[in-house]
Amino acid sequence: MSPMVKRQLPFVALAVALFLFGGLAPHAMVDVGIWALIYGIAAIGLSLLMGLAGQVSLGHAAFIAVGAYTQALLVGKAGWNPLLAAPVAVIASMLVALLVGLPLLRLRGHFLALATLGLGIIVGVFVTEQDFTGATSGIFGLPNLEFGGRSYDTAQEYFLLLTPIVVIGLWLASNLVHSRTGRALSAVNDSEVAAECLGVDTFALRLRVFVLSAAYAGLSGVFYTHWLTIVNPSVAHFELSVKILLMVVLGGLGTVWGAVIGAVAVQLLDEGLRAIIPVLIPSAKGEIQLIGFGVVLVLVIILMPGGLAQLWSKVMSAVRQRNHPIVRGEHEHKVTQEEQRDLLEESLKLLARAEHMPAGQTILAIRGLTKRYGGVTALDNLDLDVKAGEIMALIGPNGAGKTTAFNMITGVLPPTEGSVVLEGNEVAGKRPHIAAAIGATRTFQNLQTFKSTTVIGNVKVARHLRSQAGLIRGMLLLDRTEEKLIDQASQAAIDAMGLTSLADKQIADLAFGKQRQVEVARALALEPSVLLLDEPMAGLSGPERDSLSWLLRRVKASGVTVLLVEHDVAAVMALADRVAVLDDGKLISLGTPAQVTSDPKVIAAYLGEEDDHSGGPAESPTATAASAATSPAAGGQA
Amino acid sequence: MTDLLQLVFSGLAQGSVYGLVALGFVAIFAVREIVNLVQGEYAALAGLAAISAVGAGLPLLVAVLVVIPLVIGVAVLLERMTIAPIKKMTPLTSIILTLGVSTAVKAVMLLIWGPEAKGLPTFPGTDITVGGVSIRSQELWVLGIAAVVAYAVIWFYEHTVRGKSLRACAEQPVAARLVGISPRTATVVAFAVAGFTGAVAGVVGSPIYLSAWSSGLSLGLKGFVAATLGGLTSLRVAMIGGMLLGVLENLVAGYLSSGYRDAVAFVVLVLVLLFRPHGLASKTSAVRV
Amino acid sequence: MSTDHVPRIGLRVEGIDAAYDRLQVLWDVSLHVAPGELLALVGSNGAGKTTVLRSVSGLLKPVRGHVKLGDTDITSTSAEKIAELGLAHVPENRLVFPSLSVEDNLVLGGYVRRKDGRYAVRRDEALHLFPRLRDRINLLAGALSGGEQQMLAMARALMSDPSVIILDEPSLGLAPKVVAEIMTALAHLRDEKGLAVLLVEQNVRAAFKIADRVMVMDRGRVVAEGTPADLASDERVRAAYLGGSSTSSSGVAAPVTRSGGAPA
C-alpha cells in the first residue's frame, strides 16, 4: 500500500466510527456529540493557527459569532436558502480575520492573542447594541436545516450531517500541514530567520492560515445556528473562546487530530462539571465549569504539553517497541571519493541554471552601508561591488563587522544607513524573503537548522520559491506532482553535499559539522544567483573542508556568485577571486588574494599592532595565508 | 465645555486604574517577556476580598491593608505554582498558561462571591464642584493613590539596587545572571510588584467601578492596551497611556454611545500596533522607567 | 593597590563534556588556572572556547566531568551562586546593561557584595584601572564606544571582587591600541591582584604575549597545551587557529616558520 493511501486510512476509520456512533448511541450522548463536532470544526481551525502560524486567538468565539449571526440574519431575516447563506457567513468570518490579522500578524504572538481577546469583547458589545441583531435577546425562530429531501431536525440526523463535514475538514487541515505551506510555516516555527532567508514570506502565510482558521470558525457558527435555532450574544463570550482553546491544547498542539479528540474530551468535561459542581457546592451559580477549564489548561501545559496526542503516541511507541524491538543497524554505504565526485557532478547539473547574470557585471552593489548600536559602530560606511560569477571573501578579525554586513545584505537586519542593490533591486531594510526571491540566500554562523525535521525536510523548505502550490492546492492534494519535483531537487542538493546517506536522519542527531553542511545544501537547493556563506568551514574536518572548497568552485562554474565570510584564511585565499578585509567596521583593503596579503594595513589588523615583528610568538594568519596563497600546492587538489 | 471637562476628569480617574493595571503588565513583561493575563484578576480579587473584609466588620483602612498583601501573596504563589515549573517558556505557552490561571481564578471568585457586581464603600470625603464640574471624592482618592503608587514603583526601579537589578534582568538576562542576579528572585519580585499595583487598582476603583468575578477580563485588556502604548516596557508611558485611554473611553461614551466604551481599547490597540508597534516612546527593548 | 584580605583561589576543570540539546560540542576538556596565572584558550570559531567558559560559569551544565573553584565543586551550581563564590565571567560581546548608567552598571557588578559596604573602595580600584570610565560615569552604557563597553564589562566583573576572572574575546572588534590597554589591565589583575585569569582570544598574538600558558582547542577538544614559547611554532596551533587539522593535501598546508613569507 502506498504511503499516500495509508495516510487516508485514519480518516476512513474516523468516518466509520462517527457514523456508527451517530446511528447507535443513545440520544443524550448523540446530543453531546453534536456539540463536540460543532465546536470541533472551530477547534481544527484554531489548531492550524496555533500549530502552523505559532499564534493564538483568545477570541475565537468572535469568529464563530460572526458566522452564526451572518447565517441567522441571512436565513432568518432575509429569507435566504441556508445553503446559499453558509458560504457568505464563512466569508464574513474570514473578512473580519483579514482585517484583524493585517495589522497584527507582523508582531509577536502576544498582540494577536490580546487583540482577538478584545475582538471577542467588541463583537459581543456590537451584537448587544444593535437592533438588527436582536440586541440581548438575539435572533430566534430559525428553521432547521432541510435539503436533499431530508430534514436535519433530530439529533441523529444532525450528527450524521456533521460527520462528513468534520472528517473532510480534518482531512483538508491535515493535508495542509503536510503541504508546501505547512512545511514553510513549520520551518518558521523552528527558525524564522532561516525560513525567511529561503524565501518564506512569514507574514503572508500566517495571514492566510489565520483567515483559514476563521473560515473553520465561521462554518462552526453556521452549524451552531441551525442546531440551536437561536443566536444571542452569548456565542461571542469569552467562555466559549476558552473552551475552544482548551480543546486544541488538551487534544495536543501541533496535530489537527488533537482538535477533534480534544473537542470530544472537553465537551464531556463540560457536561460532567455542570452536573457535578452544583452537587458539591449547592450555592454555585453561572459559568462554574470554567474552573475545570482553567485548571485543566494549566495542568496540560505543565504536565503534558503535547496533550492527549502526545499521550497516545507515547503509548503507541511503547506498544510498538514491545512487539518489534528495533535493531538499529548503520547502513553506511562507503563511497569512494571518485564515486562521490561523480555523484556531485551529476547532481550539480540539476542545480545549474541558465539565466544567471553575465559574469563580470555588478550583481550586488553596496553603498554607504552602516550599522550603529548606541555608541558602537558595527559597520561603517561600507562600499562594495560584487561581480556576477566571482567568489568574493569577506575576512577580518572577529567583531570586524562581517556578519553584520551579511545580515544587512540579506535583510535580517535593517541598516542604520546605506543601500544594498541586488540585481538592480534595492533590498536594504526589506524582509529577507525579498532578497531570497531575487536570488540571494545564505547560511548562518550560528546554526539555524529546522530542528523538528529531517535533513531532507530542511532542504525541501529551500524549494519554497521554486514551487507554487498554495493553501487550496495543498489542502486538496493537487500538489502531488510538484511535491515529487521538490523531493528530487532536494535530494540532488543533498547528494551534491555528499550527504546522501543522511537524508532521512533527524537533523538534531547530526554533528555540528554535518549540520553546517546541510545548511549549505539547503542554500544550494534554492538555486540562488548569489550565495552568502557565513563561516561554512567552521567545525568541519580537513577532508570536509576540501570537499566544500571543491564544491564551491563547481558552484561558481555554474554561474553562481559566492560571497563568503570565513576564518580559514588559507582556504579563502586559495578559493576567492577577490578578498575584502574589514577591521573595526571599516573596509581596509580590497583586491586579489595576492594584493590583499601584501597590504600593510591588513597585516596590521591581523597582527594587532603596527610593525611589531619581534615580540609575538604566534605566526600571523596573514603571513600563513600569504604563504598558502603563493604556494603552488595551495588549492591545487581536485 | 463643562461636559467636556467633566468627561475628561472622570476619564482620568478611571484611566489611572487602567494605568495601575498596566504597570503590572510592564513589570512582568520586562523581566520575563510574559503577558500575564492574570493581571486583571488581581484587581477583581482585591476588590471582592476587601468588600468581604468590610462586610465582616473590619474598618475600611484595615481591610485595604490586609487585602493588598494577600493579593501580592496570591500573585507570587500562582507564579511559583504555574510559571516556575515551565522550563521552556514560549509566547504561546505563556499565553495559554496565564489564560488558564486567569480562567480558574475567575471561576473561584464566581464560586465564592457569586455572579453579582459589588462595590466597596467609598473612602472618606465629600464630593465637590469646581467650575461646574462635579468631582467625586473617590475620584480624587483614585487619582491621588494612583499617582503615589506609580511614583513609588518608578522610584523603586530607578533608585534601588533591587529595582535596577530587575531592569538589568530585563535587558541583558545572561549578564544579569553573571553578576549574580537570580532570574528566579527577579521573577518573584516582578510578580509581587504586579500583584501590588493590581490590588491597589482593585481597592481604589471598587467603590466607583464595582468589582465582579468577571471584571478582570476587560480591566486586564485595557491595562494591556495602556502597557502597549509604552511598548510593554515603559512604566511612565504605561501609566499615562492608561489615563489617556480612560479619557478617550469617556469621550466616546459621552459623545457617541456608552455601549461602545469597551470598543475603544480594542481600536486603540489596533491603531497603536499598526503605526507604533514599539509604543509611543522611542523603541528599545529594555525596561524604561 | 592590592587590598587582598581573602586567600585567592584557582579554577580547575576536570574532563567535561558539554552539549546544547542533543548536539555535543565539548569532549573531555580539562584545564586549571592557579591564582596569579593567566591561561589563554585559543582556537578557531566553533572550537568550543565559549562553551568552556559557559560551562565554567554555570550558564551551561556540563553533561560529564567536574568544575572546581578552589575546593568547591561548582559543576551543578547556578550561575548566580558561582558569581557569589568569586568567579566573574566577562561574556562575549560585553553585554553591558545599555539603558543603565556606567555607575549603575558598576553597582550591579557588585550585586553579590551589595551588603559589605565596600562599594566605594572597589569602584575606585576599577576606575583606577580604567580611568576612561571615570569621565563617563553618568553616561548610559549603551552610548559608550566598543572599547569603553569592554572596559565597563571588565570593571563590572571586578566589582564582585572575584578570585577568578574568565573573559570571552575581550579584543573583539577593537582597535589595536585599545586591545593593548585591555591586555595591560589583565596583566595587572594577575600580577598585582593575584587573580586567576582564563582568557579566550582570537587575537592570538595579543594572547600569546601575556599568557603564562596556552591551550589550543579544535572542534570541541583540547589539542595542545604549553607555554607560549613552546607553542609558537606548533603546527597544531596554526591549524587550530585557522581551523581544521588538514593534512598536506589541503590548501592550508603551508608550514609555519617565523620567516614563512611574511609579506611585510
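The values are calculated or read from the model by the stated rules, or taken from the named source; none is laboratory data. Since we're looking at a predicted model, the values are computed, not measured. Quick reminder, even Gly has a Cβ in these numbers, built from the backbone with ideal geometry, and neighbours come from all protein chains shown.
Only one entry in C:GLU201, C:GLU192 is at pLDDT below 95, under 30 Å from C:THR72 (Cβ atoms) and facing chain A (nearest Cβ under 10 Å), namely C:GLU201.
So for region B:130-140 (the condition being of a type in the set (Lys, Arg), within 14 Å of another protein chain (Cβ to nearest Cβ) and touching a residue at least 60 places away in the same chain (Cβ under 8 Å)), does at least one residue qualify? Give the derivation first.
Quick first cut of region B:130-140, residues of a type in the set (Lys, Arg) only: B:136.
Within this subset, residues satisfying the condition of being within 14 Å of another protein chain (Cβ to nearest Cβ) are none.
No; the residues of region B:130-140 include none that is of a type in the set (Lys, Arg), within 14 Å of another protein chain (Cβ to nearest Cβ) and touching a residue at least 60 places away in the same chain (Cβ under 8 Å).
Yes/no per residue for (1) without any contact (Cβ under 8 Å) to a residue 12 or more places away in the chain; (2) over 21 Å from B:GLN172 (Cβ atoms); (3) assigned to a strand (DSSP E or B):
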{"site": "C:VAL13", "(1), (2), (3)": "no, yes, yes"}
{"site": "C:TRP27", "(1), (2), (3)": "no, yes, yes"}
{"site": "C:LEU31", "(1), (2), (3)": "no, yes, yes"}
{"site": "C:GLY46", "(1), (2), (3)": "no, yes, no"}
{"site": "C:LEU53", "(1), (2), (3)": "no, no, no"}
{"site": "C:LYS68", "(1), (2), (3)": "no, yes, yes"}
{"site": "C:HIS89", "(1), (2), (3)": "no, no, yes"}
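Screening A:LEU185 on (1) over 26 Å from A:ALA86 (Cβ atoms); (2) surrounded by fewer than 21 Cβ atoms within 10 Å (Cβ to Cβ); (3) within 14 Å of another protein chain (Cβ to nearest Cβ) shows it passes everything except condition (2). Looking across region C:108-124, just one residue is at the interface with chain B (Cβ under 8 Å from one of its Cβ atoms) and farther than 10 Å from B:VAL179 by Cα, and that is C:ARG114. Name the single residue that is surrounded by the most Cβ atoms within 10 Å (Cβ to Cβ) among those in region B:106-121 being facing chain A (nearest Cβ under 7 Å) and of a type in the set (A, V, I, L, M). Among them, the one singled out is B:ALA107. Just one residue in the set A:LEU344, A:LEU351, A:LEU364 is of a type in the set (A, V, I, L, M), modelled with pLDDT of 80 or more and under 30 Å from the mean Cα position of the chain (by Cα); that residue is A:LEU364.
Okay, residues lined up against (1) on the phi > 0 side of the Ramachandran plot; (2) outside the structural domain of A:GLY45 (by TED's automatic domain parsing); (3) at pLDDT below 85:
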position: A:GLY254; (1), (2), (3): yes, no, yes
position: A:GLY258; (1), (2), (3): no, no, no
position: A:ILE277; (1), (2), (3): no, no, yes
position: A:MET304; (1), (2), (3): no, no, no
position: A:LEU308; (1), (2), (3): no, no, no
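Going residue by residue through region A:134-145, is there one that turns out to be farther than 18 Å from A:ALA43 by Cβ, among the polar types (S, T, N, Q) and in contact with a Lys or Arg (Cβ under 8 Å, 6 or more places away or on another chain)? Don't jump to the end; show me each part of the working.
Initially, region A:134-145 is screened for residues farther than 18 Å from A:ALA43 by Cβ, giving A:134-145.
Applying the additional criterion that residues be among the polar types (S, T, N, Q) yields A:136-137, A:144.
Still in the list and also in contact with a Lys or Arg (Cβ under 8 Å, 6 or more places away or on another chain): none.
The answer is no; no qualifying residue exists.
Within region B:241-250, the presence of a residue that is more than 13 Å from every other protein chain (Cβ to nearest Cβ), buried (at least 24 other Cβ atoms within 10 Å of the Cβ), outside any helix (DSSP H, G or I) and at pLDDT below 95 is excluded. For region A:558-570, the condition holds for at least one residue, the condition being that it is at pLDDT 85 or above and touching a Phe, Trp or Tyr at 6+ places or on another chain (Cβ under 7 Å).
Restricting attention to region A:189-242, and to residues there that are touching a helix residue (DSSP H, G or I) at 6+ places or on another chain (Cβ under 8 Å) and among the aromatic types (Phe, Trp, Tyr), which single residue is farthest from A:ALA68 (Cα to Cα)? By that ranking, first place goes to A:PHE210.
Inspect all residues belonging to region A:19-29 and state whether any of them is surrounded by 20 or more Cβ atoms within 10 Å (Cβ to Cβ) and out of contact with any strand residue (DSSP E or B) (no Cβ under 7 Å at 6 or more places or on another chain).
Yes, there is a match, as at least one residue in region A:19-29 is surrounded by 20 or more Cβ atoms within 10 Å (Cβ to Cβ) and out of contact with any strand residue (DSSP E or B) (no Cβ under 7 Å at 6 or more places or on another chain).
Name the helices (runs of 4 or more DSSP H) wholly within region A:377-479 that hold at least 1 residues that are free of Cβ contacts under 8 Å to residues at least 40 places away in the same chain?
Once the helices (runs of 4 or more DSSP H) in region A:377-479 are filtered for at least 1 residues that are free of Cβ contacts under 8 Å to residues at least 40 places away in the same chain, what remains is A:402-409, A:432-438, A:471-475.
Just to verify a result, which residue in region A:414-441, among those that are surrounded by fewer than 24 Cβ atoms within 10 Å (Cβ to Cβ) and on the phi > 0 side of the Ramachandran plot, is nearest to the chain's Cα centre (by Cα)? Selected residue: A:GLY429.
Filtering B:ALA186, B:ALA170 for residues that are among the hydrophobic types (A, V, I, L, M, F, W, C), in contact with a Cys (Cβ under 7 Å, 6 or more places away or on another chain) and either free of Cβ contacts under 8 Å to residues at least 60 places away in the same chain or within 13 Å of another protein chain (Cβ to nearest Cβ) (or both) leaves a single hit, B:ALA186. Pull up region C:204-241, narrow it to residues that are out of contact with any strand residue (DSSP E or B) (no Cβ under 8 Å at 6 or more places or on another chain) and either outside the structural domain of C:PRO176 (by TED's automatic domain parsing) or small (Gly, Ala, Ser) (or both), then point me to the one that is modelled with the lowest pLDDT. Selected residue: C:SER233. Among the residues making up region A:1-16, those that are over 14 Å from A:LEU170 (Cα atoms) and either at pLDDT 90 or above or among the β-branched types (Val, Ile, Thr) (or both) are A:VAL5, A:VAL16.
Please enumerate the residues belonging to region A:484-534 that are part of a loop (DSSP other than H, G, I, E, B) and buried (at least 24 other Cβ atoms within 10 Å of the Cβ). Break it down stepwise before answering.
As a first pass, look at region A:484-534 and keep what is part of a loop (DSSP other than H, G, I, E, B): A:497-499, A:503-505, A:510-511, A:526-529.
Passing the criteria: A:MET497, A:LEU526, A:PRO528.
More than 7 Å from chain A (Cβ to nearest Cβ) and without any contact (Cβ under 8 Å) to a residue 40 or more places away in the chain, is that true of C:VAL178? It is true that C:VAL178 is more than 7 Å from chain A (Cβ to nearest Cβ) and without any contact (Cβ under 8 Å) to a residue 40 or more places away in the chain.
Within the option set A:THR225, A:THR133, being modelled with pLDDT under 85, of a type in the set (Val, Ile, Thr) and surrounded by 19 or more Cβ atoms within 10 Å (Cβ to Cβ) holds for one residue only, A:THR133. Is it true that some residue in region A:91-114 is within 14 Å of chain B (Cβ to nearest Cβ), out of contact with any Leu (no Cβ under 8 Å at 6 or more places or on another chain) and of a type in the set (Lys, Arg)? Yes, region A:91-114 contains at least one residue that is within 14 Å of chain B (Cβ to nearest Cβ), out of contact with any Leu (no Cβ under 8 Å at 6 or more places or on another chain) and of a type in the set (Lys, Arg). Restricting attention to region A:442-466, the residues being over 21 Å from A:SER529 (Cα atoms), more than 14 Å from the chain's Cα centre (by Cα) and not aliphatic (A, V, I, L, M) number 2.
Given the options B:THR197, B:THR233, B:THR228, name the one that is in contact with a Phe, Trp or Tyr (Cβ under 9 Å, 6 or more places away or on another chain) and without any contact (Cβ under 8 Å) to a residue 60 or more places away in the chain. Give the derivation first.
Values: B:THR197 fails: without any contact (Cβ under 8 Å) to a residue 60 or more places away in the chain; B:THR233 fails: without any contact (Cβ under 8 Å) to a residue 60 or more places away in the chain.
None of the other options fit; the residue is B:THR228.
Looking at this structure, is A:ILE121 more than 20 Å from A:PHE203 (Cα to Cα), within 10 Å of another protein chain (Cβ to nearest Cβ) and in contact (Cβ under 8 Å) with a residue 24 or more places away in the chain?
On the way: more than 20 Å from A:PHE203 (Cα to Cα): yes; within 10 Å of another protein chain (Cβ to nearest Cβ): yes; in contact (Cβ under 8 Å) with a residue 24 or more places away in the chain: yes.
When the stated conditions are applied, A:ILE121 passes them.
Looking at the structure I just gave you, is B:ALA176 surrounded by 24 or more Cβ atoms within 10 Å (Cβ to Cβ), within 8 Å of chain C (Cβ to nearest Cβ) and over 30 Å from B:TRP113 (Cα atoms)?
Working: surrounded by 24 or more Cβ atoms within 10 Å (Cβ to Cβ): yes; within 8 Å of chain C (Cβ to nearest Cβ): yes; over 30 Å from B:TRP113 (Cα atoms): yes.
Yes; evaluated as a whole, the condition is true for this residue.
Note on region A:129-141: residues that are under 20 Å from A:THR229 (Cβ atoms) and either aliphatic (A, V, I, L, M) or within 11 Å of chain B (Cβ to nearest Cβ) (or both) total 2.
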